[in-house]
Every structure is written in structure tokens, then in C-alpha cells.
Amino acid sequence: MTDISRRSVTNLSAIPKEEYIYKCTSACAGCSSSLCLRYVLKAAGPDSVLVVPACCTSVIQGIYPATAMNVPVYNVAFAAAAACASGMSEAFAATGRDTNVIVYAGDGGTVDIGIQSLSGAFERGANFLYICYDNEAYGNTGMQRSGSTPLGARTTTTPGGKPTAKKDLDRIVQAHNPPYMATACSAYPLDLYKKVRKALSIKGPKFIHILAPCPPGWRYPTEKTVEMGKLAVKTGMWVLYEREFGKLTINGPSKAAMRKPEPLEDYIRGQGRFKNLSPETLDLMRQQVEQNIQRLAREEEGIC
Amino acid sequence: MLTIATGNRAVAEAVKAAKPAVIAAYPITPQTEIVEQIAEYVTSGDLESHYIPVESEHSAMAACIGASVGGVRTFTATSSHGLLYMHEMIHWAAGGRLPIVMANVNRALGPGWNTWAEHTDAFSQRDTGWLQVYVGTVQEAYDATLMAFRIAEDERVLLPVMVNLDGFSLSHITQSLETEEIGDFLPPYHLPHAIDTEKPRGYGPMTGPDNYYRFRWDIERSMRDAREVITEVEREFADRFGRSYGPTEEYRCEDADVVVIALGTFGKEAEVAVDRLRDEGIRAGSMRLRWFRPFPHLDLSGREVVVIDRDYSFGFGGVVANSIRAKTGIEPYSVIAGLGGQEVTYNDIADFVRGRRPGEETWFGVNNHV
């Protein structure tokens, strides 16, 4: 087995060739969350366990007795992932094992039904990595709105567009002062890979929030998944950063975007879920993007 | 070692002896002394265990599930609303074939808020695939908790076990307690399907109609096998420690014309009632039902039966009375008594027997049958 811990990774070709998620999953065409999971597992390596609550990944791994996964996957009830992972990590600690415990959960299982167990486990300082892959709705059940659905987005339960803003999960997690938290996006796999590696090198509760564009849910053509992720970052809708022991670092692609963001319309235009967005809502979205960028910029400069 | 203890303390003592590597628990009256005492043991070093002070009962059971499949012995304790709050994970623990042991201090459900004894909390979990045992004394709370680990972890069972003790009337009363050096009574925890990254497996993935029922049948097969395992473990426990138990505890039943059936502390109270009735010339006996899942085979032929239900299934009847009716064909006199801690004395129980009306149901304090 290749010792990935000693390999310095500066480009995609240096990422390990080992695959822990096989071809022929049940994922939709253009699914970015399965793409992300591929890189998460490459970064984590074989001595890892996934804890998966109800989400798209419950389906993606396949139907019993088949599995597309080459690490143990513990599927657990919707609200229970963080608590289950904290119990598992204590069991491994009690038996002297260093196995990585990684929750891989969707946005509904994180910002809505799973927020209590996430908060409890982080407050207790449990030793595991929680990854939320965020496609901004309940994708597995047919795109109903979640607390993570952005303002204005049409879902099957907000057919007129969501009237309220996306819940700010990252500030909720930040309030628990975890030793490591980061955002990532499926369009930047190397960045994600490095963040998973760094997170797993730190003891305690770690958190990574991945924006995961979803072709059927966001209503864009499947081949545009990478482009959609890049536009989210370039327009400032999604900011890539890390917060290590409280210190914020804005990552490369977002640094440029924050200096000169591309027009928000470029991101909105290609997505059917934002069809017929009112000019007022678009203005409000633009204000929210600007406020978020300014808040993060001030924090990085040490102003707040 | 002979000491005195409450029912809650006895459970904590048994947990100390069983040495679970992970304990996850959330406090609720009247269970609190169990989790407080265990926290003391862990803090003092008397018990080497990872204690997870979770933020809810749902998470308590979820953490036990993660730890149990992670390869270690686990324990939790709860009561009433806590038990109901973890309901989803109670199913998950059994379906995941995880030998978790839980003490449930039986308590009524709101509204209105009521912290006193009732069995409706545990009966509402009866179809989850957990084994359920109900204890009547402090000593039995200790003994049953110890045996629960052995039974749950037996490879013929691999199902979780719930040890039930009545809130306050057992959890908070003090009796003598003999604690044991348990030696190898509990072998090291071994879960055949524990997580092993050398052998990656999917746990609980999507399972279609062509396979799902097989897993359900496997739970029932183990539930049936559990009867023999329980008998074996209770026999070995008697050989080692001198206290014997069975699916029921019978008192003066041999020649009884009428048998009082109850669970928990009412089962012990009924023994006093039986003595009173015998003094009057009524040939009464009592049968305290200990195991509720798996439900024991009962031989009650030729007897009249009075069942005290400290529970109710609305629109149907007393859960125990109707279970006995279904399993034995006997039409018991069904008395609903003791809900939410309603006081029921041995004199009351004797009255139930004196005024029995086979096939009928009476709510103590509501109907005027008694």
C-alpha cells in the first residue's frame, strides 16, 4: 500500500491512485457529492470508517448485498450521525485504534435534523471529522427545501422560491470553536484533498462544509457541474477558507474572487431553480454575498 | 460483598462489574442516580470507561450504537420520555444486532408530568427487537443487569437487552445487596460483525424487498433462541452466585386455584397479598412475570388468573392481560392499577382477587368492582 502520509501533494496527479469508491455507483449523472467523496477517501486512506445518515450517499453506495465502497460504511438514522461517530471514535480510543471516523452527511442531515447531535458532539470535543456536502436541498427525496436552501431558490416545497436566506451553518459550527473547520467546493478537488488531510492530522472535532452542485436539483445540464462550482466561488456566493484554531485563512480562488467578484448573474443564470427570480430578490442576494465577503475579509485582517 | 443499596445503585454496581468500555447517557428522573454513580466510578478510576455525556437520549443510543459496532461493550440508562425520545435508535440497535444493555427506570408519560412508576414506557418499545426483563428487588436489579450483558452478547442472541425497574418504588428504595467478584462470568466482548477496516463492509445499506424480510426473520429466530440462552445463563448464574431466576418467579403457585400475575414491584407486593388470602382459606398464588420479550411459555391451565397491568393500550386493554389471553387462551380478570404511581397495597391486591370477575376489566379507583 502506498504511504500517502509522506507524499506532498501540489497537483492532481500527485493524489493517490487508490480508489475507495468504485465505478457503477447509483449516483445521478454529474453528481458532485460522489466526486467529493472519492477525494475525501483518497485523502483519508483505507484505515477509515464512514458514518452516513440518510442522504444521497445512502443510495449512492448501492443496494445490499452489493456496495460500491471499499471502506466500512455505517449507515445510521437521519439525526444520529454525529452522535454515532462520537461513540465509534470513543470505542476506537478505548481499544487503541487510530482509525479515522468521518461523517459524510448532506445538508438536511446537518443543518436541520442533525444539528443537535452535531452541536453536542462538537461541544464534547469528540474526535472525528464531520463533512457536510451541501447541495442546498433534500436531494435524495426529490429536492424539497432544507434550511440550507438559498434565498429565492425554487424547490419542490418552495415552488415560488425560498422566501428566507440559507442558514449560516458555518457560523453555528464556528461558535463551538473546533480546532479545524473549512469550506470546500467540488470544483476544487485538490483544495478539498488537502483540507481533509489537514483535518485528519488534528485531534478533536473537525468540520468541512462542501458546496456540492446538483444537476437535477439545481436544474442545469450534467456536464456543467464543475463549471457551476467554479462560478459559485468566482462570484463570491461560496467562499473557500480554513479556520485553524480560530485563525481564518481565505484560500486562493476566493482571494481573487473577493477582490473582484464575477457578476452574480453568471451563477444564477445557468440554474433553473433561480428561474424568474425577482430583481428585488437578486438585489438581496447580492447584498448577502457582499456582507459575507466583507465579514470574512475583516476577520482575516483581524478587524473583528 | 454484602451492602445496602437502592435499585439505581445496584444497576450502577453491576455496570461497574461488567466494565463497558463506552457509556453514553443523558439524565432523567428517576434514573439519575445510575448515571451519576457511574460518572463517579469513572472519575475515581473505579471503572475504566469512556463516559459520553450526550445532549439527548437519541444521541445516547446513537453513541452506544457507534461504540458497540466499533467493537466494545456499551451501556446506557434512561426512563420514560427519554426512552421514547430514543425510540428510533432503539429499533436501530436491534436491527443492527448490537448487544447494548440499557437500564430503563419505568416511569409514566406526560402530560401531565408524572415521574412515578408505570410500565407503558417500556411496553411502547416491545416490538423493537429488544429483550425485556422486569425486576422486583434491588438484588435482582444487580443480577439481571449482569446477566443482561452475557445474554445480549451470546452469538445466538446478539440483540440488545432492556433491564426494567420501577421508578421510585424500586429505583429509590433501599434493600440489602450482595455484590460479586464476577471473574470470567462475562467473557471479553466479541462482536462478529464489528467494524474492521481490513475487511470493509457496508452496514445497513439500502435493502430491497427481496432481502429485508430475511433480516427481520433473523431477529425473530434469535429471539426464539434467546429463551434457551436465558435459561443457560440464569442456571450458570445460580451455580456461581447462588441466586436463581427464571422467566417467572412463582410464589405458592403449586396448589393455587387463583394466580395473580404482575410485573416488577407489584409482583413482590402480590406475595404478601397471597399470604393474606391463604389465611382466609383462598388458595392463591402469585406469578411475577420477569421476561416480557421473549414472552415466556406459561402453564396456567386449570387456574383462574388475575392480571395487574401498570400500563394501558388505549382502545384495546391491559397489555399484560391481553398478552396472557393471547398466549394461553385463559380469560383473566384484568385490573388496571398503579398508573403514574397510583398507590396499590397488598390489601388492594387481595381485594382484586376476592372480587375477581374473569374476562372483565377494572380500572382501580375508577370502577366500583373493588
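Read the figures in this text as sums done on the coordinates, not as results from a lab. Every value quoted in this text rests on a predicted model; they were computed, and no experiment measured them. Positions of Cβ are generated from backbone atoms using ideal geometry, with glycine treated the same way; all protein chains shown enter the neighbour counts.
What the table shows:
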{"item": "Crossing angle, helix B:265-279 versus chain B [Cα axis fit, 0-90 degrees, rounded to tens]", "result": "30"}
{"item": "Spatial separation of Cα centroids for segment B:1-40 and segment A:172-236, in angstrom", "result": "43"}
{"item": "Segment B:304-370 shape via C-alpha gyration tensor axes, a/c threshold 1.5", "result": "oblate"}
{"item": "Kirkwood-based Rg to Rh ratio, the protein assembly as shown, C-alpha trace", "result": "1.06"}
{"item": "Segment B:152-197 - Rg and Dmax from Cα coordinates, angstrom", "result": "16.1, 47"}
{"item": "Compactness of segment B:120-238 as Cα Rg over 2.2 N^0.38 Å, two decimals", "result": "1.27"}
{"item": "Cα-only Debye scattering, chain A: base-10 log of I(q)/I(0) at q = 0.06, 0.12, 0.14 Å⁻¹", "result": "-0.18, -0.75, -1.05"}
{"item": "Cα gyration tensor category, rounded, prolate or oblate, for segment A:120-184 with a/c compared to 1.5", "result": "prolate"}
{"item": "D_trans [Stokes-Einstein, Kirkwood Rh over alpha-carbon pairs] for chain B, 37 °C, 0.692 mPa s, µm² s⁻¹", "result": "157"}
{"item": "Entries of A:42/A:198; A:234/A:260; A:17/A:42; A:42/A:255; A:42/A:195 with Cα pairs more than 18 Å apart", "result": "A:42/A:255"}
{"item": "Angle between chain A longest axis and helix A:225-234 axis [Cα atoms, degrees, rounded to 10]", "result": "70"}
{"item": "Whole-number D in µm²/s for segment B:1-120 (Stokes-Einstein; Kirkwood sum over Cα pairs; 4 °C, 1.567 mPa s)", "result": "90"}
{"item": "Number of partner chain Cβ atoms within 10 Å, mean per residue of A:55-68", "result": "3"}
{"item": "Alpha-carbon Rg with Dmax, taken over segment B:249-363, Å", "result": "12.7, 38"}
